[in-house]
Amino acid sequence: MTKSHLAGGRNPRAGRRRPWSPAAAVVVALVTAIVAAACTTGTWGAVDVDDRPRFAAREADDRVVVATTFTILADMARRVGGDRVRVESVTTPGADVHQYEPSVDDLKRVEGADLVVSNGLGMDDWLLRFIDGTDARHVITSEGVDPLPVRSGNYTGRPNPHAWMSPDEGARYIRTIARALTEVDPEGAEGYRARAEGYVAELDELASRARAAVAAVPQDRRVLVTCEGAFSYLARDLGLEELYLWPVNSESQGLPRQVTALIDEVRDREIPAVFCESTVSDAAMEQVADETGSRVAGVLYVDSLSAPSGPVPTYLDLLDHDLEIITRELTS
Ligand SMILES: [Zn+2]
């Protein structure tokens, strides 16, 4: 952020607590946690503990540092935070955020964060052991979500973590992030609130278009078939029935009995289009399509954005992309 962008040419946060001075304890604690984890697992290689100059280098940057567990939350935090924040995601585009094992480099990227943002609902609990014992502020974006249960498999009855796929719940995430940023940086409150509400308005507009598009899909075609059962919240919002190969990404994926059961359903109901997600193999879904006369009609994005140059560099792009493909393919 250059000073010339700031109102009146003055730093609007001149009186704000600098994140790096009191937060030195957080930096040390996170580095300690990283080293401890590396030592205990023994698989992450040598860690350079005596790396103090980077703390001094970061003193020059007074943005709020936000660490998120995955790319969708990072995009939300960037939109809400604007140029008052620097956001880093532990996982990078394409990663499977379920059961992730952070590397030392992943954790170094987010060390010293003023605010840690995670999804909760059991998806990114792998983060917790790295922030336990530190005084980094931690916000869980799914707080207040009425969770839908996983409906089958080893995780039956546990909360389905993919609440951001609902535009309604996504709005909740955005406002939760705005409140958390305001607590860390009260002088930015008005900007956080305004950016969050503008963002939610865009999301509402997208949801309205999606509902109109689904209304144009014949009633008996309103079935969404995917690899992971990650669309429960979106399906609920839009009145779609959801079928899938496996319930959660950390489950056994594409087992013969899962494939066989889905083949029967797709064949019996003559479902014209099935889908798979960007972060998993579509081999099993190709088999479903081959044996039923259906077709794998496109790649959907759920757990990760694409790279910036890819088709879904933002959360709104992700929803727009998925909804466009789903409604088009079920109608055609
Ligand atoms: Zn998932």
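For V116, what residues show an amide H to amide H distance below 5 Å, using hydrogens built from the backbone and excluding near sequence neighbours?
Counting only residues 5 or more places away or on other chains, the set is A67, R137, H138, V139.
What nm value, rounded to one decimal, do you get for the distance between A194 and L206 when each label is placed 7 Å out toward the C-beta?
Inter-label distance under the simple model: 2.3 nm.
Which ³J(HN,Hα) values in Hz, rounded to whole numbers, follow from the phi angles of segment 296-302 under the Karplus curve 6.51 cos²θ - 1.76 cosθ + 1.60, where θ = phi - 60° and Gly and Pro get x?
Each residue of segment 296-302 in turn: 6, 8, x, 8, 9, 10, 9 Hz.
Modelling each spin label as a point 7 Å along the Cα-to-Cβ direction, I'd like the R109/A283 distance in nm, to one decimal.
Using points 7 Å along Cα→Cβ, the separation is 2.8 nm.
Shape call for segment 78-181 from the C-alpha gyration tensor, a ≥ b ≥ c root eigenvalues: rounded (a/c under 1.5), prolate (a/b greater than b/c) or oblate? List each step's numbers first, then the result.
Values: a/c = 1.85, a/b = 1.26, b/c = 1.47.
It comes out oblate by the Cα gyration axes.
At what distance in angstrom do the alpha carbon centres of segment 165-223 and segment 280-313 lie from each other?
Centre-to-centre distance over Cα atoms comes out at 24 Å.
What number does segment 187-280 give for Rg over Rh if you use C-alpha atoms and the Kirkwood radius?
1.13
Obtain the nm distance between the two label points defined at T156 and S252 by a simple spin-label model: each point lies 7 Å from its Cα along the Cα-to-C-beta direction.
Between T156 and S252, the simple spin-label model gives 1.5 nm.
With all pairs of different alpha carbon atoms counted, what Kirkwood hydrodynamic radius in Å does segment 215-331 show? Mind dumping the intermediate values first?
Working: mean 1/r = 0.0699 Å⁻¹.
Mean inverse Cα-Cα distance, inverted, gives 14.3 Å.
Given a cut-off of under 8 Å on Cα pairs at least six residues apart, what relative contact order in percent is computed for segment 72-169?
Relative CO of segment 72-169 lands at 21 percent.
Report the extension gain between D268 and E143 in nm, rounded to one decimal, defined as 0.36 nm multiplied by the number of residues separating them, less their alpha carbon distance.
Numbers: separation 125, 0.36 × 125 = 45.00 nm, distance 3.95 nm.
Using 0.36 nm per residue and subtracting the Cα-Cα distance, I get 41.1 nm.
When the Kirkwood radius is taken over all Cα pairs of segment 204-252, what Stokes-Einstein diffusion coefficient follows at 10 °C and 1.306 mPa s, in µm²/s?
In µm²/s, the coefficient is 137.
Computed from the coordinates by the stated procedures, all read-outs in this text should not be read as laboratory data. On a predicted model such as this, the values are computed, not experimentally measured, just so you know. We place every Cβ from the backbone using ideal geometry, glycine too, and count neighbours over all the protein chains shown.
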